[in-house]
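Visitor: Got a structure for you, written out below as structure tokens; questions coming shortly.
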Amino acid sequence: MSPAIELIAINKSFGAVHANKDVNLSVERGTIHGIVGENGAGKSTLMSILYGFYEADSGEVRVNGKPIVIRTPNDAIHAGIGMVHQHFMLVEPLSVVENVMLGAEGGAMLRVGEAKVRAELARLAKDYGLEIDVDATVGDLSVGLQQRVEILKALYRGADILILDEPTAVLTPAEADALFGLLRSLKEQGKTVILITHKLREIMAITDRVSVMRRGEMVATVETANTSPPELAELMVGRRVLLRVEKAEKTPGAPLLEVDNLSVVDSRGVLRVANASFTVRAGEIVGIAGVAGNGQSELLEAIAGMRQPVLGSLRLEGKAIHSSEHNPHRMRQLGLLHVPEDRLRTGLVPAFPAFESAILGFSDEPHLGRGPILDHDRLIEDLAKKMEQYDVRPPAPRLKSSKFSGGNQQKIVLAREIERNPKVLLVGQPTRGVDIGAIEFIHRRLITLRDAGVAILLVSVELDEIMNLSDRILTMCGGKITGERKASQTNEQELGLLMAGVVDEAA
Amino acid sequence: MSAPLDLPRWADTVLVPAISVVAAFLVAGLVVLAIGENPLTATRWLLQGSLGTGEGLGFTLFYMTDFIFVGLAVAVAYHAGLFNIGGEGQATLAGLGIALVLNNLTFLPGFLLIPLGILGAAAFGALWAAIPGYLQAKRGSHIVITTIMFNWLASVLLVYLLVNVLREPQSMNPETRAFPEQSYIPFMHDVFAAFGVEIPTSQLNLTLVLALASAYFVWLLIYRSRLGYAIRVVGSNPSAAVYAGISPARIIIIAMVLSGALAGGLAVNELMGYQHRLLLEFTSGYGFVGIAVALMGRAHPVGIILASLLFGILYQGGAELAFEQPAITRDMVVVIGGIIILFAGALDGLFRRLVAHLFARQKLARA
């Protein structure tokens with residue numbers, strides 16, 4: 001039997017970047033095939049070629065043994081390939097049925113098509129256990145269910161081969177388990193699944209085979225049963241990496257950041273943080289675990305002064321922060337620095353040269369220039385030094401910020417904040433979109449900072465990261481702090497329950 | 001999705017605009033051909049009329065002065081992420097500011113009166129831009145809509161004032177009395193004559209120097225100063241501005257104030273440099289040309305100077321062309337100008353993409 005998908009000698013370049021070099025991939029029918037690789041390794045490019053977003057410069061695509069040309073996503077759909085994107089492509093105000101129909105209405109009038117969709121959705125629910133309220137408004141569904149709608153869309157369009165791009169990034173552990181259950185039942189029914197992820201745990205849990213990409217090349221394809229996470233990590237990076245950072249036990253010092261009864265309302269008037277109270281001490285990393293969108297972002301922004309809380313108060317080094325000085329500028333002066341969650345939208349200015357992004361938030365510092373004029377030579381020199389210390393590649397201060405890889409951008413942001421000697425450091429998603437090699441570096445820096453007596457508040461959706469770095473862990477769900485644990489005395493299952501909002505009886 | 005558009009700097013700033021201009025002239029040539037005239041002759045008249053004679057050159061540079069000011073005005077706002085299309089109204093109010101200063105302080109000597117007149121222009125232009133700026137910053141009223149409305153308000157306000165309030169009692173014309181003579185910004189031919197050099201007479205006056213100085217000032221402000229940094233952060237990435245502790249509202253108002261003040265330069269050149277009185281419609285729609293100039297100049301002062309020169313050539317040469325080849329009317333010249341604006345502004349992305357594609361290919365071939 002010929003493989004479901006065969007990619008033969010695929011090449012694709014963007015300008016000088018050779019994103020895919022002679023890539024070969026063979027995916028057997030009825031299997032779950034993982035593709036792992038660091039950011040920028042070429043996974044997304046490869047899948048975009050398979051799904052018709054890009055055309056390969058050279059190479060051949062075969063589906064079920066037959067060579068085909070895929071120029072548009074429509075070609076891919078006709079060939080039985082479906083894709084579930086990391087960022088859902090759903091119309092939120094429409095119902096599930098309407099979303100599934102979209103682009104496959106089957107005529108000018110909706111009624112006929114709709115009946116067909118309903119029948120088909122009922123069948124899919126029966127065959128694969130894909131239960132869903134077909135008349136629910138998509139915007140009201142949980143993220144896990146929205147993802148289910150994406151899968152239904154693909155299946156409705158006759159997909160035999162399903163590509164999922166980082167599907168668990170937005171899911172709770174429980175939702176991720178439900179997804180894996182679903183993928184297994186799809187496999188049993190003969191569907192083929194391609195899973196793109198950077199979470200090695202998931203690869204080990206669910207895939208049959210796994211392919212590793214590095215710098216545009218396919219470096220290995222192995223049976224999952226015959227490999228291990230350290231081996232995969234080494235294949236991805238090209239050298240041995242430590243998946244866990246070592247840190248010594250340490251008794252935290254005086255409380256530096258005290259948050260009392262903080263509540264935050266967003267611009268639409270929705271309560272995003274409800275009565276959060278906690279303390280972060282000198283020499284301590286407090287991690288906030290939670291599924292994306294449960295108020296962690298708003299909490300960080302409120303502490304940093306980017307949003308005014310509607311209720312509650314802050315104390316920094318024991319001194320109460322008056323609401324008139326609770327703004328980002330003043331908080332920086334007081335020694336509370338902030339590595340924001342979203343580098344590209346918040347942490348730097350993509351269009352600026354790196355040396356200008358490297359003073360974001362500090363452009364008023366007198367030593368950076370003379371009077372109203374900034375001293376560019378000095379900024380460039382300063383950043384060149386930091387780039388060396390932080391191993392930023394390429395070490396080019398004049399290069400546009402957007403041209404650096406995610407890991408190097410993050411190092412530029414970290415260098416900017418850390419080198420200003422924070423007392424309290426807020427860190428949001430420090431390693432999102434960052435390659436494994438850089439993750440190791442960033443984690444070590446944060447530990448060093450903690451050992452030097454900085455109070456660090458860490459927000460991350462990567463549970464591994466939280467467990468790995470934190471001394472104490474708080475869980476958030478629906479804007480509330482649902483639990484607090486010592487990192488050494490908890491496990492993933494327990495945190496997963498707390499993140500899902502199960503009431504914490506121990507607290 | 002498309003491949004990233006990476007171009008070397010020279011291609012981005014020189015090659016692409018040059019291609020736009022050539023393409024625009026080719027299409028304009030077809031239009032000329034379509035009405036039965038010879039495009040080559042037309043081009044010759046255009047260049048001859050604008051650059052071929054000392055007098056023509058003087059007029060070209062006079063228009064260029066206008067365009068530099070309004071182009072810079074649009075550019076400064078643009079860097080803050082604002083589309084100020086109210087240059088016309090801001091220049092109109094600046095004219096009012098000039099008239100109020102000059103005709104009420106007639107007793108002052110020229111070396112005081114001229115700077116005060118310029119300040120009056122800047123202040124009134126700034127004020128007229130600050131209101132839409134404030135509404136955008138604090139109320140979220142879209143700047144495009146409000147600045148358009150403010151163009152009309154400025155226009156009718158000037159009509160009212162010139163007909164009912166500021167008009168000379170004996171005169172039938174809706175214009176103020178002439179400004180005091182010591183307030184005239186010297187004509188370039190007079191300045192040169194003072195040094196014993198004779199150049200042809202034209203409207204060109206020393207305001208050109210002010211325009212070039214303003215261009216340098218804007219460059220320094222936008223690309224080198226702390227304030228310019230904040231302006232560009234707000235324009236490029238508003239949420240990064242909030243993170244950085246830069247208040248977008250404050251920056252929006254400041255950028256509009258600067259923008260309006262720069263638009264006031266148009267009134268300085270036209271009124272203090274040439275007309276020497278306040279009259280209706282002296283802005284002649286040049287405030288809108290500033291948008292095209294800024295777009296074509298990629299909001300960079302050097303680009304704006306070059307684009308202003310091009311539009312100066314077009315306006316001056318176009319007038320000559322309409323005179324020499326009556327089949328090509330003034331309206332025809334406007335059409336040609338429009339085609340250039342279309343190519344340089346709206347279709348800019350078309351050529352940029354094409355050029356980027358060619359560059360990418362070339363790189364691949366070399367690799």
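The values are calculated or read from the model by the stated rules, or taken from the named source; none is laboratory data. As the structure is a computational prediction, the values presented were derived from the model and not from experiment. Heads up, the Cβs are rebuilt from the backbone with ideal geometry, glycines too, and the neighbour counts pull from every protein chain shown.
Visitor: Look through segment A:245-298, keep the residues that are within 20 Å of A:Ala455 (Cβ to Cβ) and modelled with pLDDT under 85, and return whichever of them is surrounded by the most Cβ atoms within 10 Å (Cβ to Cβ).
Guide: A:Lys247
Visitor: While we're here: Within segment B:139-152, identify whether any single residue is outside any helix (DSSP H, G or I) and of a type outside the set (Gly, Ala, Ser), and answer yes or no.
Guide: Within segment B:139-152, the subset outside any helix (DSSP H, G or I) is B:140-142.
Add one more test, that the residue is of a type outside the set (Gly, Ala, Ser), and what stays is B:142.
Looking for residues that are outside any helix (DSSP H, G or I) and of a type outside the set (Gly, Ala, Ser), one finds at least one in segment B:139-152, hence yes.
Visitor: Here is a follow-up. So, in segment B:247-264, how many residues would count as being within 14 Å of chain A (Cβ to nearest Cβ) and surrounded by 24 or more Cβ atoms within 10 Å (Cβ to Cβ)? Walk me through it before giving the result.
Guide: First pass over segment B:247-264, keeping only residues within 14 Å of chain A (Cβ to nearest Cβ): B:247-251, B:254, B:258.
Still in the list and also surrounded by 24 or more Cβ atoms within 10 Å (Cβ to Cβ): B:251, B:258.
Of the residues in that region, 2 qualify.
Visitor: Also, quick follow-up: Could you list all residues from segment B:1-23 that are at pLDDT below 85, away from chain A (no Cβ under 14 Å) and closer than 24 Å to B:Leu314 by Cα? Don't jump to the end; show me each part of the working.
Guide: Residues of segment B:1-23 at pLDDT below 85: B:1-18, B:20-21.
Checking which are away from chain A (no Cβ under 14 Å) leaves us with B:10, B:13-18, B:20-21.
Passing the criteria: B:Thr13, B:Val14, B:Leu15, B:Val16, B:Pro17, B:Ala18, B:Ser20, B:Val21.
Visitor: Here's another thing I want to ask about it. For residues that are among the acidic types (Asp, Glu) and more than 7 Å from chain B (Cβ to nearest Cβ), tally how many sit in segment A:357-370.
Guide: We begin by selecting, within segment A:357-370, every residue among the acidic types (Asp, Glu); these are A:364-365.
So of that shortlist, the ones also more than 7 Å from chain B (Cβ to nearest Cβ) come out as A:365.
Residues meeting the conditions: 1.
Visitor: Look at A:Asp208 and say whether it is under 15 Å from A:His33 (Cβ atoms), modelled with pLDDT of 90 or more and of a type in the set (Asp, Glu).
Guide: Values: under 15 Å from A:His33 (Cβ atoms): yes; modelled with pLDDT of 90 or more: yes; of a type in the set (Asp, Glu): yes.
Criteria met by A:Asp208.
Visitor: Picking from B:Arg232, B:Arg226, which residue would you name as being of a type in the set (D, E, K, R), within 12 Å of another protein chain (Cβ to nearest Cβ) and without any contact (Cβ under 8 Å) to a residue 12 or more places away in the chain?
Guide: Values: B:Arg232 fails: without any contact (Cβ under 8 Å) to a residue 12 or more places away in the chain.
After ruling out the rest, the residue left standing is B:Arg226.
Visitor: Continuing with this model, one more query. When the residues of segment A:20-42 are filtered to those that are in a loop (DSSP other than H, G, I, E, B) and modelled with pLDDT under 90, which remaining residue is nearest to the other protein chains (Cβ to nearest Cβ)?
Guide: Here is the first cut: in segment A:20-42, the residues in a loop (DSSP other than H, G, I, E, B) are A:28-31, A:38-42.
Checking the rest, the ones that are also modelled with pLDDT under 90 come to A:38-42.
Numbers: A:Glu38: 19, A:Asn39: 16, A:Gly40: 13, A:Ala41: 18, A:Gly42: 15 Å.
Of everything passing the filter in segment A:20-42, A:Gly40 is nearest to the other protein chains (Cβ to nearest Cβ).
Visitor: Name the single residue that is surrounded by the most Cβ atoms within 10 Å (Cβ to Cβ) among those in segment A:344-356 being more than 30 Å from A:Ser313 (Cβ to Cβ) and within 10 Å of another protein chain (Cβ to nearest Cβ). Working first, answer last.
Guide: Looking only at segment A:344-356, we keep the residues that are more than 30 Å from A:Ser313 (Cβ to Cβ), and these are A:344, A:348-356.
Now narrow it down to the ones that are within 10 Å of another protein chain (Cβ to nearest Cβ): A:344, A:348-352, A:356.
On the way: A:Leu344: 16, A:Leu348: 29, A:Val349: 24, A:Pro350: 17, A:Ala351: 15, A:Phe352: 21, A:Glu356: 25.
Only one residue fits best here, namely A:Leu348.
Visitor: Is there a residue in segment A:247-255 that is within 14 Å of chain B (Cβ to nearest Cβ) and assigned to a strand (DSSP E or B)?
Guide: At the first step, the residues of segment A:247-255 found to be within 14 Å of chain B (Cβ to nearest Cβ) are none.
So far as segment A:247-255 goes, no, none of its residues is within 14 Å of chain B (Cβ to nearest Cβ) and assigned to a strand (DSSP E or B).
Visitor: Would you mind telling me which numbered condition in (1) on the phi < 0 side of the Ramachandran plot; (2) at pLDDT 90 or above A:Arg393 fails?
Guide: For A:Arg393, the exception is condition (2).
Visitor: Could you tell me whether any residue of segment A:329-343 is β-branched (Val, Ile, Thr) and surrounded by fewer than 24 Cβ atoms within 10 Å (Cβ to Cβ)? It would help to see each step written out before you state the result.
Guide: First, pick out the residues of segment A:329-343 that are β-branched (Val, Ile, Thr): A:339.
With surrounded by fewer than 24 Cβ atoms within 10 Å (Cβ to Cβ) added as a condition, the list becomes none.
Within segment A:329-343, none of the residues are β-branched (Val, Ile, Thr) and surrounded by fewer than 24 Cβ atoms within 10 Å (Cβ to Cβ).
Visitor: List pairs: first residue in segment B:147-168 and under 24 Å from B:Gln136 (Cα atoms), second residue at pLDDT below 95 and loosely packed, with under 13 Cβ neighbours inside 10 Å anywhere in the structure, Cβ distance under 9 angstrom, at least six positions apart or on different chains.
Guide: Taking only residues 6 or more apart or on different chains, the pairs are B:Ser155/B:Glu281.
Visitor: Continuing with the same structure: If you take just the strands (runs of 3 or more DSSP E) that sit entirely in segment A:420-507, which of them hold at least 1 residues that are without any contact (Cβ under 8 Å) to a residue 60 or more places away in the chain? Full working, then the answer.
Guide: On the way: elements: A:424-428, A:455-460, A:472-477, A:480-486.
Where strands (runs of 3 or more DSSP E) fall fully within segment A:420-507 and carry at least 1 residues being without any contact (Cβ under 8 Å) to a residue 60 or more places away in the chain, they are A:480-486.
Visitor: Separate question: Quick one: how many residues across segment B:207-223 are buried (at least 17 other Cβ atoms within 10 Å of the Cβ) and either of a type in the set (Gly, Ala, Ser) or facing another protein chain (nearest Cβ under 7 Å) (or both)?
Guide: Summing the residues that are buried (at least 17 other Cβ atoms within 10 Å of the Cβ) and either of a type in the set (Gly, Ala, Ser) or facing another protein chain (nearest Cβ under 7 Å) (or both) in segment B:207-223 gives 3.
Visitor: I'm trying to understand the selection: among the residues of segment B:226-246, which are touching a strand residue (DSSP E or B) at 6+ places or on another chain (Cβ under 7 Å) and surrounded by fewer than 21 Cβ atoms within 10 Å (Cβ to Cβ)?
Guide: Within segment B:226-246, just B:Arg226 meets the criteria.
Visitor: So if I check each of B:Glu198, B:Glu168, which one is of a type in the set (D, E, K, R), more than 23 Å from B:Gly312 (Cα to Cα), over 22 Å from the mean Cα position of the chain (by Cα) and away from chain A (no Cβ under 14 Å)?
Guide: Values: B:Glu198 fails: more than 23 Å from B:Gly312 (Cα to Cα).
Criteria check complete, one pass: B:Glu168.
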